[in-house]
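Taking it in order: structure first as structure tokens, then the write-up.
Only the coordinates and a few stated rules stand behind these numbers; no lab work does. Being a predicted model, the structure only gives us computed values, none of them experimental. Virtual Cβ from ideal backbone geometry, glycine too; neighbours counted across all protein chains shown.
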């Protein structure tokens, strides 16, 4: 593990919290994964990934799904210096969570699940990375709002924290009661008080895990039909939704969508924001449903029909069982 440290000024101090900070720090593990070179996500996410995870029950580690998607090898680094192998239990495309089973006894206290819906603006939180206090940030909640990711992903209410943790992937976000209220997913630029821009961490709220946790543990996926997936990367520009990339051999590419196309409507309903686009697609039915799109291509209006897919079928790993 490299020698980077969080600046002392933003490290959490045990006396500032009404719970056992050291115990919470010990529940967070380092995560290193190796992904086959021919995996679907190898080009976009890399074949070697590193981040964090948090022990939530006996030998089960919760992390952010992109770290373990299609992983064939997983190593967990514990705070006491041990390194143990793990394997992918599940990942859930809708929430972004991933679960890893440690293949050795961890003998560490698990972090209890909190209630992210009760978290309030300005609440003090600790964003914990693997390796203890010097890898953790004393932060606060600066926003709770909708988040849409260009890869066909929407959270109704994500949590945003500042100052940002520099190695945010899979960090444990611990609330004032010492329990887990979310998992670090991204770094984004955001406005804070005073109108200045600073990096924020986008955090997936823990309440999204609770209804699907038993399914993920027993089946490796949530027990509901998968959403329709087009294999588009999209962004909103000047109240227009523009296709900025396509998954290789994904449904949209097969249907002759192109980079630069502007999506005007889904099944006849106008869309001009990213969450609208994705929610409208998902509202049409389950994976496999045909998705009619109206697009603008170089000033010409075209109607295309995309036979949607199940994203998991394009991936190697536990989502295939």
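General observations
- Segment 244-292 and segment 35-95: distance between their alpha carbon centers, rounded to Å: 29 Å
- For segment 174-248: rounded, prolate or oblate by the Cα gyration tensor [a/c cutoff 1.5]: oblate
- Cα point-scatterer Debye curve for the chain, base-10 log of I(q)/I(0) at q = 0.15 Å⁻¹: -1.21
- Counting only Cα atoms, the size of segment 74-159 along its three principal axes is 38, 30, 21 Å, in decreasing order.
- Its Cα gyration tensor gives segment 253-292 an equivalent ellipsoid; the semi-axes, largest first and in whole Å, are 16, 15, 8.
- Cα-only Debye scattering, segment 12-110: base-10 log of I(q)/I(0) at q = 0.13, 0.14 Å⁻¹: -0.46, -0.53
- Pair-distance profile P(r), taking every C-alpha pair of segment 205-321, with 5 angstrom steps and integer %: 2, 11, 19, 22, 17, 12, 9, 5, 2, 0, 0
- Coarse-grained scattering of segment 116-208 at q = 0.12, 0.22, 0.25 Å⁻¹, given as base-10 log I(q)/I(0) from a Debye sum over alpha-carbon atoms: -0.32, -1.09, -1.38
- Net length available on complete extension from residue 45 to residue 300 is 88.4 nm, with 0.36 nm assigned per residue and the Cα-Cα distance removed.
- Spherically averaged projected area of the convex hull of Cα atoms, segment 2-43: 5.3 nm².
- The listed peptides 42-50, 121-129, ordered by packing as a protection proxy, come out as 121-129, 42-50 (highest mean of other Cβ atoms within 10 Å first).
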